[in-house]
Amino acid sequence: MNAIIERVKTVLGPEMAGPGLAFLAVVLVFGIASPQFLSAATFGSVAFQLPELGLLTLAMLLPILTGGLNLAITFTANIAGLTLAWVLQANGGADAGPAAFMLGSVLAILVGAASGVIMGLVIAFTRAHPILVSLSMMIFLRGLGEFLTRGGDVSGFPAFIGPLGHGSLLGVPVPLIVFVVCVLAWHVLLTRSKLGFNTYMIGSNLEATRYSGINTRKVIVLVYALSGAMCAIAGIIMLARFNSVRIGHGESYLLITVLACFLGGVNPFGGFGRVIPVFVALVVLQLLSSGLNLVGANQHLATAVWGLLLAGVMVLRFVATKFKISFVRKET
Amino acid sequence: MRKGVFGFPPASRSNLTRFMGRHMHQLATAGGSEKPLLALRDINMTFGGVRALKNVSFDVRPGEVHCLAGENGCGKSTLIKIITGVYRPADGASIEYDGESYSHMSPVTAQDRGIQVIWQDLALFPEMSVAENIAFQTVLGRWPKLVDYNRMRQIAKDALARLGVTLDVDLPLKEYAIAQRQIVAIARALVGEAKLVFMDEPTASLTQSETDHLLDIVRGLSASGVAVVFVSHRLAEVLEISSRITVLRDGALVGVYPAAGMTQSRITELMTGKTFDQQVRAKSRDGQPVVLDVKGLSRPSQFEDVSLTVRRGETLGITGLLGAGRTELALTLFGMLKPASGTISLEGKPVHFSSNRDAIRAGVAYLSEDRLSLGLIQPQSIADNLVISSLDKVLSGGLLSEERKRSLVARWIGDLGVKIGLQQDAISTLSGGNQQRVAIAKWLATDPKLLILDAPTVGVDVGARAGIFDIVARLAESGLAIILISDEVPEVYFNADRVLHMAQGRIVGSYDPRTSSLADIEGAVYA
């Protein structure tokens, strides 16, 4: 029995403790407070709300692991969405065919990746701080988007795109399927690929990684490129869900993605963090807002509770570390 | 070239002597059988089940220079932290200091009563001026809580004058080299009217002549009645400076010995509980093929016209003072710096590296002198640090295989005798010697032809150093060409087949340890 627990522990890792406990607490508290909480309806609302925030969080995760940040995620997503919208409109708007959609999606992902490549190159070669570089990109993209859309919505897309935002396949929401596929892709990337390995190493010590013979510039450019591509996927899903593109869509998600990463045990200074705990943290955030909704709380209160939750987790983590240290500290 | 490293103008050393003379009356009884300034009895300290100190006693007499010796982890730092009030010893301890008894110290009491520590990292503020660094504690504590910069400058100048040193107190500290920063740290300790000063590895990053100046200053302090407890790995200077030596091993007191009549090898034996017998390992490798052939290599203002060869199975020692261009030369051979002129050939073929990746592919490995920030990625695991430079070997179908990684790491850990807990423990949890073994394994895993070891024993215990050099000898025997860089001449003398002396970017001497004496080479290097 102990062996099984140990095995589960090593598979899940220490990062899992925080989000895992939070998950149990949220399910327990709302399960008791509201009889409707543990129902298909809750699952449905979480399943549809999760992917947008989730995909953007995946886009935020990689740069954070290198010790950086990508503040341009939401605007990259919407610029990519605009790219797709532009291709669709050029091909007949509401009458555009699947081929135009495919072409537009590929272009959107390329545009997202390009935004990442530019940031990555600047960060890798000038050693400028990622916050400043991505902030510049964020402001540039927002201005560009507002200029292109005159600050309004772009809409009028073919009907077959709709299911990508709110359809279901065998009872599972399509956006959730896209998100889960992306989560698994990120999990494999980080645990099994050379790029993932090097991402962690750079996050802990870039110079030592370079001395070890790793092309750190290439890794950083790739990390931001993948981050941008993931933004584009989020942008496509948002386009389908809202049936429109607006440069400000999802703007409030920006810092929530950072919160979700930290809640998922990602080290804010880089080098440590895993995808699955971040996924669980995202589920906890959504369950929390659905649960508060069910017990009749104002939906804006949910955001406030998210903030409190993160602060609480930080304090608990500090207490736990302190407790552990007093037992293992060795003197040299 | 090395004259005036502490900013001593020729006249200012007499300043120090005058200062010593003024306080000579206090020296008269130092080292005698008078009442000790500090007396610790029955000191016990436990950290989570590990007993860091076991019934340790420790005495310091007024004005003496007392050396605290022992390997890393023997309890030296714990003892210092108890005396300075950072830790509280287990019940039953008695601390007598300057006529009063305490069951434990507090940091405030310790400072008020004139106990000062100069930690190895100095705990200074590089961005702030010399004056601010020296005087901030004294000036900030006063009412009104406004900073009086003139007073600060005056306090700093006075403290430096007491040491016989002139520095520009308005310059930011970062403008000064490590040797001068050390002086600033000492000056700050003196501002607090110190009676007892602890110095933790004060000479670790100093050259010989800088060390000599520092030892002069320590003598001056002692002469003025300040007791100095000196912690150092360099046993030669320990013997030179101290009057008594307290040796700790595994948290227990081994004994207190007068420095007169001690030898370095005897201290090492006491510290480690083992005996060491160093012998010259040099052999001729003339029949072996040349692995590395360097001709006329130059990089402006770093090194000039360096030519050397290393043969299969040969260990080439390079020694010289810090700043002689040794590390720059090594980084050029490793492809991280580009030579301005000259050629590098590996096994007869000229090579041009555009990055260290090219060098690693060609079979060059470089163990950095800075293990903490460049050699290993401290927060990450032992396993990841070991495989980082040879990731392709642990791929399976294009993806990293945990299985392959674990077996590769297990093989090297076993081969080099690294003592570890779990492979996924952070490398920072290992001792210096074991970390260095992992760092060597990391490079051996890349199948190098040439291994450059830059200061491989920095931060490694005396007892573990022999183990590192045993590995080096074994690697050479297996055919690896090795360049061993060290500023400790005995290391290259005993462990290399040939020794090159580098000074100011040039190779100025070549020695064969079988025909030259250690004193010859040391004489040339430290001249």
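Per-structure values
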| item | result |
| --- | --- |
| Cβ-based charge dipole, chain B, positive-most Cα from B:306, B:123, B:180 | B:306 |
| Calculated from backbone phi, Karplus (6.51, -1.76, 1.60) coupling profile of the stretch B:207-214 in Hz, x at Gly/Pro | 7, 4, 5, 5, 4, 4, 4, 4 |
| CD proxy at 222 nm, helix term only [per DSSP H run n ≥ 4: -39500 (n - 2.57); per residue of chain A; nearest 500] | -25500 deg cm²/dmol |
| Simple label model, 7 Å out from Cα along Cβ direction - residue B:175 to residue B:506, nm | 3.2 nm |
| Two-decimal Rg/Rh across chain B, once Rg and the Kirkwood Rh are taken from alpha-carbon atoms | 0.99 |
| FRET efficiency, residue A:295 to residue A:21 (Cβ-Cβ, R0 22 Å, nearest 0.05) | 0.55 |
| Range of Cα positions in the stretch B:410-505 per principal axis (Å), largest first | 43, 26, 23 |
| Of the trypsin sites (Lys or Arg not before Pro) in the stretch B:100-204, those whose Cβ has at most 14 other Cβ within 10 Å and which sit in DSSP loop | B:142, B:145 |
| Efficiency of FRET between residue B:102 and residue B:403 - r from beta-carbon atoms, R0 41 angstrom, step 0.05 | 0.10 |
| Listed residue pairs exceeding 31 Å between alpha carbons, taken from B:174/B:405; B:81/B:274; B:76/B:195; B:338/B:449; B:157/B:195 | B:174/B:405 |
| Along each principal axis, Cα extent of chain A, largest first, Å | 70, 58, 33 |
| Distance (nanometres) between label positions extended 7 Å along Cα→Cβ at residue A:320 and residue B:150 | 5.8 nm |
| Where GluC sites (Glu not before Pro) in DSSP loops with at most 11 other Cβ within 10 Å are excluded, longest remaining stretch of chain B | B:128-527 |
| Nonlocal amide H pairs with residue B:502, under 5 Å, H built at 1.01 Å | B:319, B:320, B:508 |
| Non-local Lys pairs in chain A, i.e. 8 or more apart or on different chains, that have alpha carbons under 23 Å apart | 4 |
| The stretch A:248-262 - phi-based ³J(HN,Hα) in whole Hz, Karplus 6.51/-1.76/1.60, Gly and Pro as x | x, 3, x, 4, 5, 6, 3, 7, 5, 5, 5, 4, 4, 4, 5 |
| Where trypsin sites (Lys or Arg not before Pro) fall in DSSP loop in the stretch B:420-527, at most 12 other Cβ within 10 Å | B:514 |
| Label-point gap, in nm, between residue A:36 and residue A:153 - each point 7 angstrom along Cα→Cβ | 2.6 nm |
| Rounded to 5, percent antiparallel among DSSP beta bridges of chain B | 55 percent |
| Percent of Cα pairs exceeding the 37 Å cut-off, where the set is the protein assembly as shown | 57 percent |
| Pair-distance profile P(r), taking every C-alpha pair of the stretch A:73-191, with 5 angstrom steps and integer % | 2, 10, 14, 18, 19, 17, 11, 6, 2, 0 |
| Taking the convex hull of Cα positions in the stretch B:381-447, its mean projected area over all directions (nm²) | 4.0 nm² |
| The stretch B:381-447, relative contact order [Cα under 8 Å, separation at least 6], % | 49 percent |
| 5 angstrom amide H check on residue B:232, placed H, neighbours 5+ away | B:68, B:201 |
| 5 angstrom amide H check on residue B:129, placed H, neighbours 5+ away | B:173 |
| Qualifying trypsin sites (Lys or Arg not before Pro) for the stretch B:351-427 [loop in DSSP, other Cβ within 10 Å: at most 15] | B:419 |
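Throughout, read-outs are computed from the coordinates displayed, never taken from laboratory work. Keep in mind the model is a prediction, meaning the values are calculated, not measured. Ideal geometry is used to build each Cβ from the backbone, glycine not excepted, and the neighbour counts take in all protein chains shown.
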